[in-house]
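Below is one structure, written out as structure tokens; comments come after it.
The values are calculated or read from the model by the stated rules, or taken from the named source; none is laboratory data. Just so it is clear, the model here is predicted, and its values are computed rather than measured. Every residue, glycine among them, receives a Cβ derived from its backbone with ideal geometry; neighbour counts consider all protein chains shown. Surface areas here come from the heavy atoms of the whole protein model, side chains and all, with no ligands, DNA or RNA. Shrake-Rupley method; radii C 1.70, N 1.55, O 1.52, S 1.80 Å.
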Amino acid sequence: QVQLVESGGGSVQAGGSLTVACAASGYTHSRDCLAWFRQAPGQEREGVAAFYSIYGGGYDTDYADSVKGRFTISRDNAKNTVYLQMNSLQAEDTAMYYCAAQLGVSGYWACALEISKYNYWGRGTQVTVSS
């Protein structure tokens, strides 16, 4: 059974940094997408960053325009954990952050930051940025 467990959320002042983590378990696929989405109160869930396998081996990343240059997604394969390091946080980054996974696929289009691309979801971790 696939499980995604987020951790590391909290409160931080604007301009600060925070790292959230997602521990994935219950699968052994060599091809997968692991991504972060977020949802602010009253708003739709949106993609933030993805870390995905590519054809021929290796990995690549993708980011929403709103976080490029500020957020970094990374992965520890030994722990099957994906991290989202968030720098220069702004009040607009306040949201529940969700980890998501899709298995058995590779490449940019299969792992695009769209809710419909992902079958497995964590319960989320809250990030609050105060101005």
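Here are some notes:
- Residue check for G122: on the phi > 0 side of the Ramachandran plot and either within 15 Å of the chain's Cα centre (by Cα) or open to solvent by 20 Å² or more (accessible area, probe 1.4 Å) (or both): no
- Test result for V82, of a type outside the set (S, T, N, Q), surrounded by 20 or more Cβ atoms within 10 Å (Cβ to Cβ), assigned to a loop (DSSP other than H, G, I, E, B) and modelled with pLDDT of 95 or more: no
- Whichever residue in the stretch 37-51 is under 19 Å from C111 (Cβ atoms) and open to solvent by 50 Å² or more (accessible area, probe 1.4 Å) and, among such residues, is farthest from the chain's Cα centre (by Cα): R45
- Looking across the stretch 17-39, the residues that are among the small types (G, A, S) and free of Cβ contacts under 8 Å to residues at least 60 places away in the same chain come down to A23, S25, G26, S30.
- Some residue of the stretch 8-16 being hydrophobic (A, V, I, L, M, F, W, C), exposed (fewer than 13 other Cβ atoms within 10 Å of the Cβ) and either part of a strand (DSSP E or B) or touching a residue at least 40 places away in the same chain (Cβ under 8 Å) (or both): no
- Given (1) buried (at least 18 other Cβ atoms within 10 Å of the Cβ); (2) under 26 Å from S30 (Cβ atoms), number of the condition D93 does not satisfy: (2)
- Residue match in the stretch 105-118 (condition: in a strand (DSSP E or B) and surrounded by fewer than 20 Cβ atoms within 10 Å (Cβ to Cβ)): no
- Being at pLDDT 95 or above, farther than 24 Å from S130 by Cβ and open to solvent by less than 20 Å² (accessible area, probe 1.4 Å) is a property that L34 has.
- All conditions but one from (1) open to solvent by 50 Å² or more (accessible area, probe 1.4 Å); (2) aliphatic (A, V, I, L, M); (3) in contact with a helix residue (DSSP H, G or I) (Cβ under 8 Å, 6 or more places away or on another chain) apply to I54; the one that does not is (3).
- Selected residue [farther than 18 Å from A40 by Cβ and polar (S, T, N, Q)] from T81, T94: T81
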